[in-house]
Amino acid sequence: MIFGNLSQVVLGVLLNGLGLLGLVIVTGRVRHRWRAERDARLAAQARPWLLALIGGDDDVAEPLDRLSALGRREWRAIMPSALTLLAQVRGQGHDALALLFDRRGLAGDALRGLSARGAVARADAAYVLGLLGRIEAVPRLRRLLGDRDPQVRAVAARALGQIGDPVAAPDLIGCLSGARQVPAHIVVQALILLGPPARPALVAALARGEAPVRAVVVDVLGFTGGYAGSAEAVPALARAVASDPAEEVRARAARALGKMGTRECLDPLLDATDPAYPEAVRAEAARALGELGAVEAVPVLRDLLGAPGYRVPHSAAEALRELGPPAWEALRVAAADAEGPAGGGPVAAHAREALAVVELRRGVRPPVGAVARVRPPSGH
Amino acid sequence: MSGVDADALFAAGQDVLVAVNVALLAYFLCVNTSYLLLIVLAARDAVYQHRRESFSGDESVYANPLVAPISMIMPAFNEEAGIAEAVRAMLALRYPGFEVVVVDDGCTDGTFERLRAEHDLVEMPRVVPGDIPVRGEILSVHVPSQGTVPLVVVRKRNGGRADATNAGVNFARHPLVCIVDADSVLDPDALLAVARPFSDDPWRVVAVGGTIRIANGCTVVAGRVTEVRMPSRWLVRIQVIEYLRAFLLGRTGWSRLGGLLVISGAFGLFRRDLVVRIGGMDPDSIGEDAELVLRLHRRMREERADYRIVFVSGPVSWTEAPSTVRVLARQRRRWQRGLAELMWKHRAMIGNPRYGRIGLFSLPYQLLFELLAPVVRLGSLLLLPAGLLMDAVGMAFAVWFVLASYGYGVLVTFTALAVEEYAFRRYHRWSDLVVAAVASQLEGLGYRQLNAWWGIQGIAAALRRTPRVWGVMTREGFSTPGGAGGDGGR
């Protein structure tokens with residue numbers, strides 16, 4: 001009896017639930033389509049003015065007036081396109097769009113939105129301010145790097161990079177560790193956008209940060225060091241290659257030296273190919289020497305072809321491949337030296353593979369070659 | 001036997017049947033409730049992502065100069081029909097740095113010749129790190145004569161999918177390896193999306209799974225799914241619903257709980273160094289993709305590493321699903337056998353607190369609600385009628401039973417459809433919606449029972465330890481405009 005009555009109730013609940021879900025699905029689809037069509041129609045009407053605004057014409061007064069006067073609904077329809085363009089265009093077009101956002105009061109709204117209660121509103125505000133490049137937002141965006149919502153922190157970091165005020169560099173580095181972090185790739189991009197003025201903060205962080213922080217810092221130094229910054233960056237990176245407690249940081253520092261590409265990078269990289277260094281660091285150093293384009297490295301790289309394992313000799317062969325004719329000659333000698341009944345050892349195999357790529361790049365089909373298998377070093 | 005004894009025995013039988021049927025009812029309630037909870041978790045995740053779409057910065061991953069490059073590994077066995085298009089599609093993906101490694105696993109058809117003709121392949125000498133032991137001998141390595149195309153084709157003797165994947169990992173030059181099927185079609189931004197967790201949390205994320213959706217019925221142009229439609233056959237339509245509920249939303253939910261056990265071999269991204277460290281895929285496992293993930297969990301837990309294995313619902317790999325009962329049966333037997341062997345191999349982890357949520361939660365769930373589900377489902381088909389015949393349970397109980405197993409199941413699937421409609425909106429036609437609603441109801445009327453039967457056969461094969469056979473997946477291909485269509489064409 002209990003089962004009977006209860007099953008009727010449950011059946012009713014199930015049927016009503018199914019009906020409700022069906023209704024939710026159908027009304028959701030209808031509403032979504034209706035909105036999408038309406039927004040597309042409204043956006044199509046305003047889009048010519050938006051394009052005229054960023055078109056580079058001197059007289060932007062009319063499109064600016066037209067777009068400023070759009071109703072709330074029309075503006076909501078065109079705003080996603082305006083934001084996309086704001087992120088993509090530079091120069092006059094960007095300035096005109098920024099003026100439009102100012103006129104519509106959106107910059108002020110965004111500044112106020114940074115202290116909104118909802119995380120989505122805070123992130124939205126930070127996003128707009130970053131695109132607008134509003135330097136007055138920097139202090140509050142720096143505070144948002146410690147926001148409780150991870151996405152707000154990420155958007156604030158990105159915005160700080162877009163605004164480009166180097167005062168934010170220590171805060172950006174700081175949010176690579178601790179309880180409220182920002183993903184490293186976002187911080188890297190922001191720090192790269194800050195450019196050389198951020199270098200002192202980076203060099204300082206290399207001396208005291210945690211391993212994941214130092215790893216990011218060496219990456220950024222590799223991108224922002226350049227010729228002008230080599231006096232500061234190279235010694236710091238060289239120290240990291242030689243003595244950082246984390247192997248990953250040492251390997252990344254070697255890669256960064258290769259990216260910087262100045263003559264000062266040569267000696268630390270040559271040192272890092274020494275057998276006393278870990279395999280990963282030696283392999284990165286060998287590859288970086290190829291990237292550096294230093295022909296002086298050929299003898300060292302040639303010797304590395306005989307190193308145990310796969311990574312170091314393979315990187316050395318790849319580096320020699322990139323260093324031009326003198327290095328190719330060294331590869332030919334290595335390939336010929338070791339030729340024997342079994343086709344030579346790993347040295348020859350690495351050399352032959354590199355030479356085959358050289359030939360291919362020159363449009364010459366390489367001779368058919370065997371696949372050589374190199375066992376990982378013991379303890380791998 | 002006296003009449004009294006017979007009555008007592010009958011009464012005892014009735015009691016047992018009542019107890020078993022109540023347990024079965026509770027089981028179905030638990031299964032469906034667990035799915036509902038996973039879908040609710042997935043829905044929360046979808047709402048969270050949707051609200052933050054405008055400032056999510058997905059494009060920033062593309063612009064990131066330090067993004068980790070990826071080696072796409074495509075093990076191929078007799079994929080002549082679609083390999084050229086599949087590789088072309090892979091090479092056209094949007095990602096800052098990647099290579100495609102096709103492993104010709106002893107193909108006996110024209111797979112390699114198709115690739116050679118398409119890319120003017122030349123044989124190259126190559127040194128390979130023997131990081132993972134490979135059973136099938138490597139025969140040759142080929143690259144396009146136009147050296148700028150990031151493609152490597154490795155020819156080896158047949159050793160099975162896992163062995164071919166291991167060979168591909170050995171040849172992979174990049175720190176991340178993405179394992180995909182040779183007949184899959186990825187969304188253009190799928191790599192960017194699936195790699196995002198590695199960018200966001202590079203020190204902890206060790207593997208990421210992407211979504212698998214069914215491509216039958218969809219239109220594919222130049223290696224891209226250009227129009228998503230429901231397949232024409234009900235057997236495949238029901239699988240679309242099943243994939244949505246179990247593979248998309250179910251795995252999203254598990255990922256939120258930190259207990260994801262399965263990353264499909266058709267679309268998974270892994271850290272190469274860790275795959276090497278655990279010895280690659282097990283060539284003796286018939287469910288090698290799940291086994292790899294479970295072994296990763298095991299190693300990470302044993303090393304007390306702070307790690308994450310996650311699932312992302314956005315990026316999609318479109319794959320062809322079985323469109324005949326025969327092929328579907330073979331696939332499901334293999335899946336269930338793979339699961340049974342996986343559970344047996346890693347039985348020490350089940351219920352073991354050392355393995356955290358995986359040992360205490362995910363594995364017991366898999367054991368109870370996935371491995372044993374076929375037994376329970378078919379058992380209920382026998383025991384409920386038996387209970388009714390012996391007057392152990394009444395019709396009211398039977399109605400309850402059907403409501404808990406079938407009705408509740410349909411409700412759960414409708415919830416999944418609602419989430420699909422709000423979060424993903426892949427199917428645009430109204431007719432697709434109607435088909436999906438009907439398929440949700442048909443799933444419980446024969447399809448699940450057939451699956452249960454095949455599942456039991458799979459478990460039996462695992463117990464008997466019969467030779468493992470992958471079997472041939474008969475491909476019908478995707479619809480292409482102007483081509484032979486239906487669910488097929490390729």
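Go through A:Glu359, A:Glu353 for me and flag whichever is surrounded by fewer than 20 Cβ atoms within 10 Å (Cβ to Cβ), at the interface with chain B (Cβ under 10 Å from one of its Cβ atoms) and modelled with pLDDT of 85 or more. Among A:Glu359, A:Glu353, only A:Glu359 is surrounded by fewer than 20 Cβ atoms within 10 Å (Cβ to Cβ), at the interface with chain B (Cβ under 10 Å from one of its Cβ atoms) and modelled with pLDDT of 85 or more.
Counting only helices (runs of 4 or more DSSP H) that sit wholly inside the stretch A:79-132, those with at least 1 residues that are away from chain B (no Cβ under 14 Å) and open to solvent by 40 Å² or more (accessible area, probe 1.4 Å) are A:91-103, A:106-113. The residue list B:Val103, B:Val127, B:Val122, B:Val143 contains one member that is within 13 Å of chain A (Cβ to nearest Cβ) and under 20 Å from B:Ala266 (Cβ atoms), which is B:Val103.
Can B:Pro197 be described as within 13 Å of another protein chain (Cβ to nearest Cβ) and assigned to a helix (DSSP H, G or I)?
So B:Pro197 fits the description; yes.
No other residue among B:Asp120, B:Asp105, B:Asp58, B:Asp131 is within 29 Å of B:Leu249 (Cβ to Cβ), of a type in the set (Asp, Glu) and touching a residue at least 24 places away in the same chain (Cβ under 8 Å) apart from B:Asp58.
For the stretch B:94-117, which residues satisfy the criterion of being touching a strand residue (DSSP E or B) at 6+ places or on another chain (Cβ under 9 Å), open to solvent by 10 Å² or more (accessible area, probe 1.4 Å) and not small (Gly, Ala, Ser)?
Initially, the stretch B:94-117 is screened for residues touching a strand residue (DSSP E or B) at 6+ places or on another chain (Cβ under 9 Å), giving B:95, B:97-107, B:111-112, B:115-116.
From the residues that got through so far, the ones that are open to solvent by 10 Å² or more (accessible area, probe 1.4 Å) too are B:95, B:97-98, B:106-107, B:116.
Those that are touching a strand residue (DSSP E or B) at 6+ places or on another chain (Cβ under 9 Å), open to solvent by 10 Å² or more (accessible area, probe 1.4 Å) and not small (Gly, Ala, Ser): B:Tyr95, B:Phe98, B:Cys107, B:Arg116.
Look at the stretch A:246-261: where a residue is surrounded by fewer than 23 Cβ atoms within 10 Å (Cβ to Cβ) and a partner is assigned to a loop (DSSP other than H, G, I, E, B), sitting 6+ places away or on another chain with Cβ atoms under 6 Å, you get A:Glu247/A:Pro278.
So which residues in the stretch B:123-145 are surrounded by fewer than 19 Cβ atoms within 10 Å (Cβ to Cβ) and over 33 Å from the mean Cα position of the chain (by Cα), if there are any at all?
Taking the stretch B:123-145 first, the residues surrounded by fewer than 19 Cβ atoms within 10 Å (Cβ to Cβ) are B:130, B:133, B:135, B:137, B:139, B:145.
The one that is surrounded by fewer than 19 Cβ atoms within 10 Å (Cβ to Cβ) and over 33 Å from the mean Cα position of the chain (by Cα): B:Ser145.
Among the candidates A:Pro235, A:Pro183, single out the residue that is open to solvent by 10 Å² or more (accessible area, probe 1.4 Å), away from chain B (no Cβ under 14 Å) and free of Cβ contacts under 8 Å to residues at least 40 places away in the same chain. Walk me through how you get there before you give the answer.
Values: A:Pro183 fails: away from chain B (no Cβ under 14 Å).
Residue meeting the stated conditions: A:Pro235.
Scanning the stretch A:14-34 for residues that are under 30 Å from B:Val393 (Cα atoms) and either at the interface with chain B (Cβ under 9 Å from one of its Cβ atoms) or modelled with pLDDT under 80 (or both) yields A:Leu14, A:Leu15, A:Gly17, A:Leu18.
I'd like to verify a number: residues in the stretch B:239-266 that are outside any helix (DSSP H, G or I) and on the phi < 0 side of the Ramachandran plot, how many? Step through it out loud before you land on a result.
Taking the stretch B:239-266 as the starting set, the residues that turn out to be outside any helix (DSSP H, G or I) are B:258-266.
Then keep just the ones that are on the phi < 0 side of the Ramachandran plot; that gives B:259-266.
So the count comes out to 8.
Results for (1) open to solvent by less than 10 Å² (accessible area, probe 1.4 Å); (2) within 14 Å of another protein chain (Cβ to nearest Cβ); (3) modelled with pLDDT of 90 or more, shown as yes or no for each residue.
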site: B:Ile73; (1), (2), (3): yes, no, yes
site: B:Glu80; (1), (2), (3): no, no, no
site: B:Glu85; (1), (2), (3): no, no, no
site: B:Gly147; (1), (2), (3): no, yes, no
site: B:Val153; (1), (2), (3): yes, yes, yes
site: B:Gly159; (1), (2), (3): no, no, yes
site: B:Asn166; (1), (2), (3): yes, yes, yes
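Results for (1) surrounded by fewer than 20 Cβ atoms within 10 Å (Cβ to Cβ); (2) more than 10 Å from chain A (Cβ to nearest Cβ), shown as yes or no for each residue.
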{"position": "B:Pro374", "(1), (2)": "no, yes"}
{"position": "B:Gly379", "(1), (2)": "yes, yes"}
{"position": "B:Pro385", "(1), (2)": "yes, yes"}
{"position": "B:Ala396", "(1), (2)": "yes, no"}
{"position": "B:Trp400", "(1), (2)": "no, no"}
{"position": "B:Gly407", "(1), (2)": "no, no"}
{"position": "B:Phe414", "(1), (2)": "no, no"}
{"position": "B:Glu420", "(1), (2)": "no, no"}
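Confirm whether B:Arg465 is over 20 Å from B:Val236 (Cβ atoms), surrounded by fewer than 19 Cβ atoms within 10 Å (Cβ to Cβ) and more than 14 Å from every other protein chain (Cβ to nearest Cβ).
On the way: over 20 Å from B:Val236 (Cβ atoms): yes; surrounded by fewer than 19 Cβ atoms within 10 Å (Cβ to Cβ): yes; more than 14 Å from every other protein chain (Cβ to nearest Cβ): yes.
Taking the combined requirement at face value, the residue satisfies it.
In this entry, A:Leu193 is excluded by the filter for residues that are closer than 27 Å to A:Arg153 by Cβ, part of a helix (DSSP H, G or I) and open to solvent by less than 40 Å² (accessible area, probe 1.4 Å).
The values are calculated or read from the model by the stated rules, or taken from the named source; none is laboratory data. Remember, predicted model here, so these are calculated numbers, not experimental data. Quick reminder, even Gly has a Cβ in these numbers, built from the backbone with ideal geometry, and neighbours come from all protein chains shown. What goes into the accessible areas is simple: the full protein's heavy atoms, side chains included, and nothing from ligands, DNA or RNA. Shrake-Rupley method; radii C 1.70, N 1.55, O 1.52, S 1.80 Å.
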